[in-house]
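The values are calculated or read from the model by the stated rules, or taken from the named source; none is laboratory data. Since we're looking at a predicted model, the values are computed, not measured. Please note: Cβ atoms are built from the backbone with ideal geometry, for glycine as well, and neighbour counts cover all protein chains shown. These area figures cover heavy atoms from the full protein model, side chains too; ligands, DNA and RNA do not enter into them. Shrake-Rupley method; radii C 1.70, N 1.55, O 1.52, S 1.80 Å.
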Amino acid sequence: MRVVVQRVSCARCDIGGETVGSIDNGFLLLVGFTHSDTEKEVRQVAKKVAQLRVCSDAEGKMNLSLKDTGGAILSISQFTLYADTRHGNRPAFISAARPETAEPLYDMFNRVLCEEYGIHVETGRFGADMQISLINDGPVTIIIDSNESGK
């Protein structure tokens, strides 16, 4: 499981000219799954996101979590996080989980963030052609990969 975390002052997801999810201060998450991901990885990464201390405290230091600041999440499914660009110029996506595997994991991830960590979560629409607008605050962008050490 891979998640790109962007600290934002605002973010919005539009589909066909309609806004389907938007937040003010918080995180825009781009969320991707691979074939071997399970509930274990979902819970592990959700915990890491919820407890990630990259929000500024009163002194301007990255010392607070999203929960500490009352921020929200805009979560966007993104299978292209598993693009393989090692050969040629056209990415291969064979490492990305199929929709029938990825969608339930994506739904669980968002539910865990909301129900277990009390974070307000807005989403795009799984598999849709989405347009994402954001103002990256900092900029702060962090990649969380469940397969890397230091989980």
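List of remarks:
- Normalised contact order of the chain, rounded percent, pairs of Cα under 8 Å and 6 or more residues apart: 37
- Helix-only [θ]222 nm of the chain, DSSP H runs n ≥ 4, -39500 (n - 2.57) each, per residue, nearest 500: -7000 deg cm²/dmol
- Alpha-carbon gyration tensor eigenvalues x 5, square-rooted, for the range 29-80, Å: 26, 12, 9
- At a probe radius of 1.4 angstrom, the accessible area of the chain per residue rounds to 55 square angstrom.
- Against the chain, whose longest principal axis comes from its Cα atoms, helix 39-51 is set at around 30 degrees.
- Trypsin sites (Lys or Arg not before Pro) within the range 1-54: DSSP coil, no more than 15 neighbouring Cβ in 10 Å: Arg53
- Taking label positions 7 Å along the Cα-Cβ direction at both Met108 and Lys61, the computed distance is 3.8 nm, reported to one decimal.
- Of all DSSP beta bridges confined to the chain, the antiparallel ones make up roughly 75%.
- Paramagnetic label zone (point 7 Å from Cα along Cα-to-C-beta, Val20; backbone N under 19 Å) in the range 66-85: 73-81
- For the range 58-97, the list of trypsin sites (Lys or Arg not before Pro) that fall in a loop by DSSP and count at most 16 other C-beta atoms within 10 angstrom reads Lys61, Arg86.
- Counted over the chain with a bin width of 5 Å, the fraction of Cα pairs per bin, in whole percents, is 2, 10, 19, 22, 21, 15, 8, 3, 1, 0.
- Where GluC sites (Glu not before Pro) in DSSP loops with at most 12 other Cβ within 10 Å are excluded, longest remaining stretch of the chain: 1-58
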